[in-house]
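A.B. asks: Quick one: structure below, then a few questions.
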Amino acid sequence: MSRSELITGALGSVLPGVAKKRVPSRPKRRTQAERSDATQLKVIEAAAAVLRRKGYAGFRTDEVARVAKVSRGAQQHHFPTKDSLVLATAAHLLRDGLARGQARAAKAHEAADPIEAIIEDCMDFFLGPDFSVMLDLVMAGSKDRALRDQIYGYTRESRLGVEQAWLDVLVARGLPQDKAEKVLWLTISVVRGLSVRALWQHDDALFRSLLDEWKLILAGHLKLLDGGAGNRSSKR
C-alpha cells in the first residue's frame, strides 16, 4: 500500500468524508409554473423600482425588461400592456404593505405602547416610497377612470385590512369600539397629512417631534376619559 493510501485510510477512519468523496445531489428542477412565477416577480420588482424613480409618466416597459434582465417577449407574455404591469405592481406593493401591517399589529398586542406601534406602521407606509407611487398612479389615472378605480380598489382593500388589525389591538387593550376607531383614524390622518407635507418639506426630526406631541395629547385625552369613567362608576 502506498504512503498516500495509508494517509487517506487513516483520515478516513476519523473523517469518513475524506476517504469517500460525496457526490453533490442535483438541485431539484423547478416546474414551469415556478419558473413563470419567478419571472413575473422579477418583472414586478423591476417595475416597482422604475415607478419609484420615474413615476407613471416616465415609466417605460423596455426599461423594466432591462432592469429585470428578461427579454421583452418574456415580459409581454406575462404583462402585455403598460397598465397591466402597473396594476400588477401596485397590487403587489399593497399586498406587501398589508402583510407588514398585520404582522406588526399581531406583535403589538403585547407592546407597552400600541399607539407608538401604530405610528411606526403608518410612517412605514405613508412616508415610504410606495405611497408616493400610489399617489402618482391615482393622479395619472385621473384621465383613465378604469386605472384610477382599480388603484383605489387595491388601496382600499389593503389599508382597510391593516386598519382592522390595529383596531383589534386597541379594542383588546380596553378601548371601546367607537373610541378605538376615532383614536386610530385620527392617528392615521396625522401621519397621512405629514406624508403630503413631505412632498415639499421632508424633515424627519420635525415630523418625529410632532408625532411625539400627538402622543402626549392623545395620552392626556385617554387619561381624562378613563378618569371620567371611574367617576361615573363611583357615583353609582
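Bear in mind these aren't lab numbers, they're just calculated from the coordinates by the rules spelled out. Owing to the predicted nature of the structure, the values given are computational and were not obtained by experimental measurement. Quick reminder, even Gly has a Cβ in these numbers, built from the backbone with ideal geometry, and neighbours come from all protein chains shown.
A.B. asks: Quick one: which helices (runs of 4 or more DSSP H) sit completely within region 112-187 and have at least 1 residues that are of a type in the set (G, A, S), farther than 21 Å from G220 by Cβ and under 18 Å from the mean Cα position of the chain (by Cα)?
C.D. replies: It comes to 129-140, 145-172.
A.B. asks: A further question on this structure: Filter region 61-119 for residues that are loosely packed, with under 13 Cβ neighbours inside 10 Å and among the aliphatic types (A, V, I, L, M); which is farthest from S132 (Cα to Cα)?
C.D. replies: A112
A.B. asks: Among the residues of region 180-196, how many are farther than 18 Å from E120 by Cβ and loosely packed, with under 15 Cβ neighbours inside 10 Å?
C.D. replies: Matching residues across region 180-196 total 2.
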